[in-house]
Structures are given as C-alpha cells and as structure tokens.
Amino acid sequence: MYQLLTEARIPFDVVLDRDLNAATLSRYQTLVLPNIALMGDAQAAAVTAFAKAGGGVLATFETGLYDEGGRPRDDFALGALFGMRRAGKRESFGQVATPNQPRFPGSSAIQRIERRHPILAGFEETDWIQGSSCRVPITIDGPPLLTHVAQYPWYPTEGVYSRQPHTDQPTIAVREAGGARLVYLAADVEAGYWRSGAADLGDLVTNALRWLAPAPSITVQGPGLVEVFGWETEPGYALHLVNHTYPGFRATAARGLSPLGPQLVRMTLPSPGPIRQASLLRAGQPLPFRQEGAVVEFTVPSLDEYEVVALEI
C-alpha cells in the first residue's frame, strides 16, 4: 500500500493500531486498512464512528477477521459497516475449493466486471481485470460490481482458459452510507500488486482512493516517483517532496537517483488567509506562487534528492 500511495502521489500518514480512536481519526479524511487482520471491538467501533461522521474507509482482505489476540471472529468486525458477510474460509493460491476441483499451476485469478462504477475508470473497454492469489469469499448487500473467476492454468497453451468464466461471488463491496464512502476489497490486492506488478490491481486501489477522497488538499504533477508530505506548521505550511526515482524502489538501497524536472503543486489550505512569502528551503531561494482564496499554486523547478517548500503566513 505504501508503494501504491507513493506512485499515486497521495499524501498519507501512518497511524498505529493502538491509535485507532476518535481523537486521532478526526484529523483525517480517509482511513486505509490494508489487511489489518487483528482488530479489537473498541477499534472497530472507532472506525465505524469515523465513517458515520463522513470519513471514507478502504479495507482489504482479512481486515477485522480476528480479535486483538488473534482469535478468529465468526464474521468481519466491520461487516455491518461495509454491508457484507463472510461466505467461507480464506482461499489461497493452490488451495482446492472442492474435492473434485484439480490444482492448477499459476495464479491467474481474474475479476469479471458486472456493472460500471467510477472505481473502474480506465477499464471501459474490457469485461475482465486481474485478480490476486488470495481472497475471502463474501456476500454483499445489493448487486455485485466485480465477481471472482478462479485460477486457471498458465500452460500448456491449449489449457489456458477458465473452467468457470462466470460466478456470482463478489470480490468488492462498495457503499455510500450517510456522508461516507466505503470500499472493501476481498482479495490481498496490494500484496498481489507488490508480487506481480499487475497494473489492474494498482489502478483498482488508486481509483478507490480517489473515489473515497475526490478533492485532495495537495496535488503534485510532474515526472518521476515522488513521495509527498504536507504539514501545517507554526509559521504557516510545509510541503516535503522526496524523489524515489531509482531502480528497485523499496527493494534495495538507492544506488543513485534520477533528477526530476518541474513539479506543479496545487495546495488547498485550511483557511483562505494570505501567504506572505514562499521559499525552497533546500535550494535556499524564494519561490514564486499564485494564490486565490485558500488555493495556492506554484512550480518546484527541479527535484534532486528532496525539496522542502515553506509557505509563511
């Protein structure tokens, strides 16, 4: 999930499980629960309250299927929130679903598109997208958006086809409740993306995040792989841009970075008060900017290892 958020240039914070409470969550617009399998009742209640207050929630795979001590629950701790129920045991690559079903090599599960939704933007010219290796069977309230098509052989050539090309088994729960938007992905999609690099899985998660938070407070456009951090500070606001453009991102130590060109930044501030001045702290130079109400725009002319933009009020 860290890689997906970075690739999408979505600013994010890391909240420890012990900090899943109303006071901490009130600072955020969207909560991401990437396979947070162990979840106590108090934590589940805090997440539910966050959603009822209008916060968006994205959860994946086994989130909330065990209590804080690792004991299996009968159903999802957040099942009522997402309008879903567990329909069977976790299925993983290589597992035989029924005694008569053979084991197939490979992990080519796919998902069939049953109806259109903004989360499926970019998939308009296909009826199938990539799946992952592991999932939790679920039932949901309402018609399915995506359904599961099980793994099938990679080889030999004449055997590369699905034995069951259509099922009624949903792989996603999408819900709007009150002012909140909610998405649960039944597969280990972020882990599947990490293992395979399958663009379908990455686009599905990114689309879900953008649907959950359609009006981000910070956007950064430009070349390269850039991590974005934004803070409100005592003198004003700070924006950190970290260049991760190098082979093996998050797999090995950086052995040299690729310097990047201009990065166009748009920030929506908490209040429309005027910015007195802006500067690039690492470059040690002033930064021209434009402000209209609470919206500030500027261009960072280049990015080597990192840059820090200071906006002073």
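Computed on the chain, with alpha-carbon pairs under 8 angstrom and 6+ residues apart, the relative contact order is 16 percent. For the range 218-312, the Kirkwood hydrodynamic radius from C-alpha pairs, put into Stokes-Einstein at 20 °C and a viscosity of 1.002 mPa s, yields a diffusion coefficient of 154 µm² per second. Of the DSSP H helices in the chain, those with a Cα length along their own long axis of 18 Å or more and a mean Kyte-Doolittle hydropathy reaching -1.0 comprise 199-212. Take the chain with all the other protein chains still there, run a 1.4 Å probe, and you get 51 Å² of accessible area per residue.
Once the C-beta distance of residue 161 and residue 125 is scaled by a Förster radius of 22 Å, the resulting FRET efficiency is 0.60 to the nearest 0.05.
Distance between the pseudo-spin-label points of residue 75 and residue 277 (7 Å out from Cα toward the beta carbon): 6.1 nm.
Placing pseudo-labels 7 Å out from each Cα toward the beta carbon at residue 26 and residue 225 gives an inter-label distance of 3.8 nm. In this simple spin-label model, placing a label point 7 Å from the Cα along the Cα-to-Cβ direction at both residue 299 and residue 49 gives a separation of 4.7 nm.
Give the shape of the range 121-223 as rounded, prolate or oblate, defined through the alpha-carbon gyration tensor: a ≥ b ≥ c are the square roots of its eigenvalues, a/c under 1.5 means rounded, and otherwise the shape is prolate if a/b is larger than b/c and oblate if not. The shape class here is oblate. Using semi-axes √(5λ) of the Cα gyration tensor in Å as the read-out, say which of [x] 39, 24, 17; [y] 35, 20, 19; [z] 34, 26, 22 was calculated from these coordinates. Correct label, based on the coordinates given: [x].
Computed about its Cα centre, the charge dipole of the chain is approximately 380 debye, with only Lys, Arg, Asp and Glu carrying charge at their Cβ.
The values are calculated or read from the model by the stated rules, or taken from the named source; none is laboratory data. Given the structure is predicted, the values throughout are model-derived calculations rather than measurements. So basically every Cβ, Gly included, is an ideal-geometry build from the backbone, and we count neighbours across all protein chains shown. Surface accessibility is based on the protein's heavy atoms, side chains included, excluding ligands, DNA and RNA. Shrake-Rupley method; radii C 1.70, N 1.55, O 1.52, S 1.80 Å.
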